[in-house]
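Undergrad: Before anything else, here's the structure in question.
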Amino acid sequence: MQHLLKNLHLDLFKLKFKNMKTQKQLKKVAPVKKVKKVKKVAPVTVSEPTLVSYSIKMVIPTGNYANIQPEIVVKAGTIEEAHSFIAPHMNKLWKEYYLISERKAEVKTPAPAPVKAEVKTPAPAPVKAEVVTAPPVVEQPSPIADVALTKAIQFIEGCMSVEALDLVIKQVAASVKLTDENKKDLLPILEKKSKELHK
């Protein structure tokens, strides 16, 4: 009986083994994918952007470790209109405040006195002579020359070497924006700077 039980147990084991499948024999089944429902959204219309405001901010050095930062904000139809409005104001601020603490008081030369020209007639002649006065010749300094003179003075004072000063001297001599009078006014400043650098 024991033998019988043993055979029965062996038969059951074989039967069980036959019904089992190896991993190679098993079919792999992919997991079921859930399909999401897509809601249809109405297309969004993009409107043309409009210019609300336009600003320009500039840093203007006024001296050593000092500056100002003016900012101008305007409302305009286009960027070009806004820029054309702001640019002249920013240029004016730059010219007015750029290195203002380092500028020397500008020396203005007085205008020459007007000259009156009189025509003298000989005494024996009975004809009346008219006195003709020539209009006074007053030279108006060019604003370009004033700006060029100011810049030239700034460059001269900013020279840190003899070579830099030589370059500035060549530029002053070749400048068409500086008048001859301006160039004469620069000579003492150039001599002073040359003495400082040759110490």
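Undergrad: Output the number of residues of segment 143-189 satisfying the condition of being hydrophobic (A, V, I, L, M, F, W, C), over 15 Å from residue 99 (Cβ atoms) and outside any helix (DSSP H, G or I).
TA: Of the residues in that region, 3 qualify.
Undergrad: Among (1) β-branched (Val, Ile, Thr); (2) at pLDDT 80 or above; (3) within 30 Å of residue 59 (Cβ to Cβ), where does residue 162 come up short?
TA: Going through the list (1) β-branched (Val, Ile, Thr); (2) at pLDDT 80 or above; (3) within 30 Å of residue 59 (Cβ to Cβ), residue 162 breaks only (3).
Undergrad: To continue, here is another question. Scanning segment 33-50 for residues that are under 16 Å from residue 77 (Cα atoms) and of a type outside the set (S, T, N, Q), which turns out surrounded by the most Cβ atoms within 10 Å (Cβ to Cβ)?
TA: 49
The values are calculated or read from the model by the stated rules, or taken from the named source; none is laboratory data. Because the structure is predicted, anything quoted here is derived from the model rather than measured. Reconstructed Cβ throughout: ideal geometry from the backbone, glycine too, with neighbour counts over all protein chains shown.
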